[in-house]
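K.L.:
Sending over a structure as structure tokens; questions will come in a sec.
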Amino acid sequence: MRPHRAFVEVIRSEVELSGREAHHLLEVLRAREGDFLSVFDGKGLEGRARVLQLEQGFVRLQVVETWPARKEPPQTITLFVALLKGDHLAEVVRAATELGASRIVPILTQHCVVRELSENKLLRLRRVVLEAAKQCERSVVPEVTPMLPLNEVPTIDQGFVAHPRVSRRVRDTYNPEKPTALLTGPEGGLSEAEVEFLEQQGFTPVTLGPRILRAETAPIALLSLVTAGEGL
């Protein structure tokens, strides 16, 4: 069985856990003094720790060794994803974390049915990302930013936007040695004016294949093409 992985803000020789992390160790895993577990700081450092002290709502650990991240993409990958209905955005950020996204930016576009991202939903998305990072053994917890209007998407050096009416593929121009931005639209798609704006910002429209993908499938398909290094 894999050792439990706990998130800590900073890895020191001794660290303390409280809240959800301590509750999981105490009430779910029934940890005991002397047990070993993994810790990670969400910024690229991992470690192995031993349980020193257990109290109600509190766990103290001794970190016995640390090592840098080994499972992260060589360059940062930012995923701009349109606001989606229901719980689809949470599904996307969970899968995006597993696939190696470094940063996730919810965006508001012309055809978004959902028009806002509440503080509570943003906090939930960040919890989903943290739990996904723990589960898939990532060392970095992707940042989930507040919502950004599409017209505020910055100029980027290398980017791809999913577009159903083009033939260009990711692998035609993708350079894995450059930081990469990816963008997908909402259920109603992106308008031509929005695609033109994104091209001005450095995004290349690319196909995701001959079939029309759902709005919650497209970002995962696009991200997979980049993290797999294969293109389409």
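Each value in this text was obtained by applying a stated rule to the coordinates, not by laboratory testing. Note that the coordinates shown come from a computational prediction; the quantities given were computed from them, not determined experimentally. Counting neighbours? That spans all protein chains shown, and the Cβs are built from the backbone with ideal geometry, glycine included.
K.L.:
Report, in debye and to the nearest 20, how large the dipole of the chain comes out about its Cα centre when Lys and Arg carry +1 and Asp and Glu carry -1 on their Cβ.
P.N.:
That gives the chain a dipole magnitude of about 500 debye.
K.L.:
Further, regarding this structure: Please list, short to long, the whole-number percent of alpha-carbon pairs of the stretch 1-152 in consecutive 5 angstrom bins beginning at zero.
P.N.:
2, 9, 18, 18, 16, 13, 11, 7, 4, 2, 0, 0
K.L.:
Count the DSSP beta bridges whose two residues both fall in the chain, then state the antiparallel fraction as a percent rounded to the nearest 5.
P.N.:
Counting DSSP beta bridges with both partners in the chain, the antiparallel share is about 45 percent.
K.L.:
Then there is this: Take the Cα gyration tensor of the stretch 58-216, multiply each eigenvalue by 5, square-root it, and list the three semi-axes largest first, rounded to whole angstrom.
P.N.:
29, 20, 13
K.L.:
Hey, another quick one. Which trypsin sites (Lys or Arg not before Pro) in the stretch 69-103 pass both tests, a DSSP loop state and at most 16 other beta-carbon atoms within 10 Å?
P.N.:
Arg70, Lys71, Lys85
K.L.:
Binning every alpha carbon pair distance of the stretch 1-86 at 10 Å from zero, what are the percents per bin?
P.N.:
16, 43, 22, 16, 3
K.L.:
Okay, next question. I'd like the projected area of the stretch 156-220, averaged over all directions, using the convex hull of its alpha carbons. Report it in nm² with one decimal.
P.N.:
Result: 4.3 nm².
K.L.:
Sequence gap of 8 or more, or different chains, plus Cα separation below 27 Å: how many lysine pairs satisfy both in the chain?
P.N.:
10
K.L.:
Let me ask something additional. So how far, in whole Å, is the C-alpha centre of the stretch 175-229 from the one of the stretch 73-147?
P.N.:
15
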